[in-house]
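Engineer: The following block contains the structure, expressed as structure tokens.
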Amino acid sequence: MDAHTAAVIGLAWSRGLSLHDDAAFSHAGERVLVRDDALPGLEFVELFGASALRGPGRLVDAAAQLPSSAFLDGTAVSAVAADRPGAGTRTASRERLAFRDHYAPAAPPGAAVPVVSRSPLDAARVLDAAPADDSRDVVRILGASSAPGAEHDPAGAAAPDPAPPCTLVLDDGSRVALAGYAAVHHLLADLRVVTAATFRRRGHARTIADIAVGEALDSGLICQARIRVESLAAAALADSLGFTDAGSRVVIVPGRAYDH
């Protein structure tokens, strides 16, 4: 990943965290602390070896000196909980952040052309047939249906602008997978992919995701994958699509603790 791409990614995330454009992610090893008592919990973002931590001042101070690994392995939750006697604390989100700024090689001559639908009804059919957690995440980012539910997401203030998602349709008419992206700060394409439960492990997610990635690149955006740490399938998909790991994001919120 070249320096220009890294700078654009850092700029987008600085804006998403309500920081000055050059306040974070410019120098490896540096950490920016943002104390804001109006926030309900902590958000930790690491990119290219630099990091930013924001949240209520008391919690920021409790976690400020922890290594980056502590946020991913749960140590940070324990440290914050120790500073909140009688109050529960849990990790709401643990994500790998990966990016892609290049096109894939052209398909070989004679390769089958996927059939893609832009119909919201077809998108809804895939969402209805997918696991609820996966569907909820797609809905939150892409607005692909009116299903309820939203993850606690301090970075949601970025107000992403979703593009129409695309649905992969098989020859027999089955709607099997959905992919789309939301443009964040006109710089990044935050990609989301979901496959109907009965059609998984057949390469459909990669087929439709590759189409969404190409459209995002055509729009001048850098593609971003936010991969739940516990999702091996999502990690394998991002790797197969040529995404490059660049960091992580962890959100710690008040609430009853549980084993991740």
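Engineer: Ranked by Cβ crowding within 10 angstrom, fewest neighbours first, how are C166, C223 ordered?
Structural biologist: Ranked by crowding around the Cβ, least crowded first: C166, C223.
Engineer: Among Y103, Y181, what is the fewest-to-most ranking by other Cβ atoms within 10 Å? Please report the intermediate quantities before stating the final value.
Structural biologist: Numbers: Y103 12, Y181 28.
Ordered from fewest to most neighbouring Cβ atoms within 10 Å, Y103, Y181 come out as Y103, Y181.
Engineer: What is the order of E43, E30, E230, fewest Cβ neighbours within 10 Å to most?
Structural biologist: E230, E30, E43
Engineer: Ok, one more. What nm value, rounded to one decimal, do you get for the distance between D36 and R228 when each label is placed 7 Å out toward the C-beta?
Structural biologist: 2.5 nm
Engineer: Quick one: if you stick a label point 7 Å off each Cα along the C-beta vector at A197 and A104, how many nm between them?
Structural biologist: Each label point is offset 7 Å from its Cα along the Cβ direction, giving 2.7 nm.
Engineer: Can you work out the FRET efficiency for the pair A112 and D61, with r the C-beta to C-beta distance and R0 = 51 Å, to the nearest 0.05?
Structural biologist: Details: r = 57 Å, r/R0 = 1.12.
The calculated FRET efficiency here is 0.35.
Engineer: Here is a follow-up. For Cα pairs less than 8 Å apart in space and 6+ apart in sequence, what is the mean separation divided by the residue count of the chain, i.e. the relative contact order in percent?
Structural biologist: Contact order relative to length: 25 percent.
Engineer: What does the extension gain come out to for S219 and L170, with contour length at 0.36 nm per residue minus their alpha carbon separation?
Structural biologist: 15.0 nm
Engineer: Also: From the residues G88, P114, V250, which one has its Cα farthest along the dipole of the chain in the positive direction, the dipole being from +1 and -1 charges on Cβ of Lys/Arg and Asp/Glu about the Cα centre?
Structural biologist: The residue sitting farthest along the positive end of the dipole is G88.
Engineer: Further question on the same structure: Quick check: residue separation of I211 and T75 times 0.36 nm, minus the Cα distance between them. What number comes out in nm?
Structural biologist: 45.1 nm
Engineer: Ok, one more. Mind running the shape call on the range 188-254? Use the C-alpha gyration tensor, a ≥ b ≥ c as the square roots of the eigenvalues: rounded below 1.5 for a/c, prolate if a/b tops b/c, oblate otherwise.
Structural biologist: Numbers: a/c = 1.89, a/b = 1.10, b/c = 1.72.
It comes out oblate by the Cα gyration axes.
Engineer: Turning to a different aspect of this structure: Under the rule a/c < 1.5 gives rounded, and otherwise a/b versus b/c splits prolate from oblate, where does the range 76-132 land using the Cα gyration tensor? Walk me through the intermediate numbers first.
Structural biologist: On the way: a/c = 5.60, a/b = 2.08, b/c = 2.69.
Oblate shape, in that a/c is at least 1.5 and b/c is the bigger or equal ratio.
Engineer: I would also like to ask the following. Which value at 222 nm does the chain reach when only helices count, each DSSP H run of 4 or more adding -39,500 (n - 2.57), with the total divided by all residues and rounded to the nearest 500 deg cm²/dmol?
Structural biologist: Value at 222 nm, helices only: -9000 deg cm²/dmol.
Every read-out reported here was derived from the displayed coordinates using simple, explicitly stated rules and does not represent laboratory data. Since this is a predicted model, take the numbers as computed values, not measurements. Glycine gets a Cβ as well: all are built from the backbone with ideal geometry, and neighbour counts include every protein chain shown.
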